[in-house]
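Reading through the structure tokens given below for one structure.
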Amino acid sequence: MASSLQFLLFSSLLFLSLSYAQRSSRPNALVLPVSKDASTLQYLTKINQRTPLVPVTLVVDLGGRFLWVDCENNYVSSTYRTPGCNSDKCSISRFAAVCGGCFPSPRPAGSPCMRNRCILSADNSVTRTANDGELLEDVVSVQSTDGSNPGPAATVSKFLFSCAPTSLLKGLAGGATGMAGLGRSQISLPSQFASSFSFPRKFAVCLSSGTGVIFFGDAPYKLRPNIDPSDSLTYTPLFINPVSTSSGYLLGESSVEYFIGVTSIKITDKVVPLNTSLLSIDAEGYGGTKISTVNPYTVMESSIYKAFTEAFINEATARNITRAPSVAPFDVCFSTNNVGSTRLGPGVPFIELILQSQSVVWRITGSNSMVYVSDNVLCLGFVDGGLNPRTAIVIGGYQLEDNFLQFDLEGSRLGFSYSLLGRRTTCGNFNFTSSSIP
Ligand SMILES: *[C@@H]1O[C@H](CO)[C@@H](O)[C@H](O)[C@H]1NC(C)=O
Ligand SMILES: *[C@@H]1O[C@H](CO)[C@@H](O)[C@H](O)[C@H]1NC(C)=O
Ligand SMILES: *[C@@H]1O[C@H](CO)[C@@H](O)[C@H](O)[C@H]1NC(C)=O
């Protein structure tokens, strides 16, 4: 568990103005669509970048440090700049940035090779590969929102990002040319949008198996039929892992991923017997629970996974639900006979992640725990993370779908809903029809 000192550091991170927005009227919030790629199970979004603007498809990386894009191949823009090593923009990247000379590294065609470049290590968190790239700035444009529909485009003229080689795209969904980092860094998308438009350092993620939504800024966040999930969220503190979880990082750099304090797990109100010391983050940065959009399913350290699946199987058996052979990547599968159907998905034992007190609970119902692999077989959508993984529990995308999550970076807390299916809406229910005249 993070100490209160870490908590204080988190809350008091310097708020710096990074970029200057061109706008006629300042938006209160921005909105991005998020779709799920069927073959990789990655979540994709699209922004407009460069001059002239072109759409850029990006893999959403909740714990990523910043935006990185392939700029070796087809990066054409009349407005990009290289802030250089002695700039404030390089220093706010803090540990992530170092100064480099003119050595071969990716840059847009025709760009001169400068001395004193600001080098950032871009991270492909899917394949866990890092590559040095240069800090650049260019125009980024996304749609504003009043919370109900997309509105006029909002443009940041000097949006910072890292310029990555084409080879770093390996492992990303087809069409993606980079990753959108939403982590707790000074140059992540939420931080740059908040400082550009002077709105609160808050953002919300609502993933869907279809088209979900990300909001930057504060509520309202409206889903059809006129439901704002943020009016009834449960809050839990966000914790700092003192050791970076990126593939490439410098000594002393802390993680910018989002960790929460799971203290125990219950299945049908019974506590699963676990070695709870694994649930705390130790001084070397091992253990704890984080939230990830690059893991398609929740991953648990082996001993936790074993105890968890045994308890789930026992509770399922007590309901006459019978096992079926495993279907990769899952070990624990069941016949759909004796599994009822409810508003919250398949009628299976419910799972509860207990947070800072017994009354603060993240409940995972059948819609988020079970994956249909055929008409007759459904599997528990959790996978074994092996012995001694860096993080004990990684809550993955499938468990997040149709759950509304609001990250409050100033308050250092996460607000979460239970499955929105219980409120008769879904994360696919944002109305992406623009209310503005194009
Ligand atoms: C519990 O986990 C900690 C951290 O990995 C380990 O040092 C300890 O030996 C474990 N305890 C038991 C009883 O397995
Ligand atoms: C399970 O099946 C047994 C035998 O058919 C039956 O007696 C029992 O009521 C069933 N239990 C549940 C929870 O359905
Ligand atoms: C979506 O928003 C548009 C523009 O405001 C509106 O005309 C339309 O009725 C909305 N659709 C639904 C299903 O609410």
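Over 28 Å between C-alpha atoms is what I'm after, so list which of LYS36/LYS89; LYS46/LYS290; LYS36/LYS290 land there. Mind dumping the intermediate values first?
On the way: LYS36/LYS89 33 Å; LYS46/LYS290 25 Å; LYS36/LYS290 21 Å.
Beyond 28 Å between Cα atoms: LYS36/LYS89.
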If I take every Cα pair under 8 Å that is 6 or more residues apart in region 165-247, average their sequence separation and divide by the length, what percent do I get for the relative contact order? 13 percent
Along its three principal axes, how long is region 296-374 when you only count alpha carbons? Whole Å, largest extent first please. 37, 30, 26
Per residue of region 209-226, in order, report the coupling 6.51 cos²θ - 1.76 cosθ + 1.60 (Karplus, θ = phi - 60°) as ³J(HN,Hα) in whole Hz, putting x for Gly and Pro. 6, x, 10, x, 8, 10, 10, 10, x, 8, 4, x, 10, 9, 10, 4, x, 6
Using alpha carbon coordinates only, what is the Rg to Rh ratio of region 250-358, with Rh defined as the Kirkwood radius? 1.02
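Arrange ASP61, ASP331, ASP70 by Cβ neighbour counts within 10 Å, fewest through most, would you?
Working: ASP61 28, ASP331 15, ASP70 22.
Placing the least packed residue first, the sequence is ASP331, ASP70, ASP61.
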About the Cα centre, charge dipole magnitude for the chain (Lys/Arg +1, Asp/Glu -1 at Cβ), debye: 620 debye
Got a sec to turn the phi values of region 70-86 into Karplus ³J(HN,Hα) couplings, 6.51 cos²θ - 1.76 cosθ + 1.60 with θ = phi - 60°, whole Hz, x for Gly and Pro? 5, 10, 7, 10, 6, 8, 10, 6, 8, 10, 6, 9, 10, x, x, 6, 8
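Evaluate Rg over Rh across region 162-241, taking Cα atoms for both radii and Kirkwood's formula for Rh. Please list the in-between numbers first.
Details: Rg = 15.6 Å, Rh = 15.3 Å.
Here the Rg-to-Rh quotient is 1.02.
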Binned Cα-Cα distances of region 111-264, short to long, each 5 Å bin given as a whole percent: 2, 7, 13, 18, 19, 18, 13, 7, 3, 1, 0, 0
Counting other beta carbons within 10 Å of each residue's own, what order do SER277, SER303, SER125 fall into, fewest first? SER277, SER303, SER125
What does the helix-only formula give at 222 nm for the chain: each DSSP H stretch with n ≥ 4 adding -39500 (n - 2.57), the total divided by the residues, and the result rounded to the nearest 500 deg cm²/dmol? -3000 deg cm²/dmol
Remind me, relative contact order of the chain in percent, using alpha carbon pairs under 8 angstrom and six or more residues apart? 19 percent
Answer with one residue from LEU238, ILE393, ALA316: the one whose Cα lies farthest towards the positive end of the charge dipole of the chain, charges on Cβ with Lys, Arg +1 and Asp, Glu -1. LEU238
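At a 10 Å Cβ-Cβ cut-off, how would you order LEU279, LEU58, fewest neighbours first?
Details: LEU279 22, LEU58 27.
Listed from fewest to most nearby Cβ atoms, that is LEU279, LEU58.
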Euclidean distance between Cα centres, region 107-163 to region 345-417, Å: 31 Å
Under the Debye formula (equal points on every Cα, no solvent term), log10 I(q)/I(0) of region 229-423 at q = 0.09, 0.14, 0.17, 0.18 Å⁻¹: -0.33, -0.80, -1.17, -1.29
With only alpha-carbon pairs counted, each pair once and no self-pairs, how large is the Kirkwood hydrodynamic radius of the chain in angstroms? 22.3 Å
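A short reminder: the numbers here are calculations on the coordinates, not readings from a lab. All of these numbers come straight from a predicted model, not from anything done at the bench. No Cβ is skipped: glycine too gets one built from the backbone with ideal geometry, and neighbour counts run over all protein chains shown.
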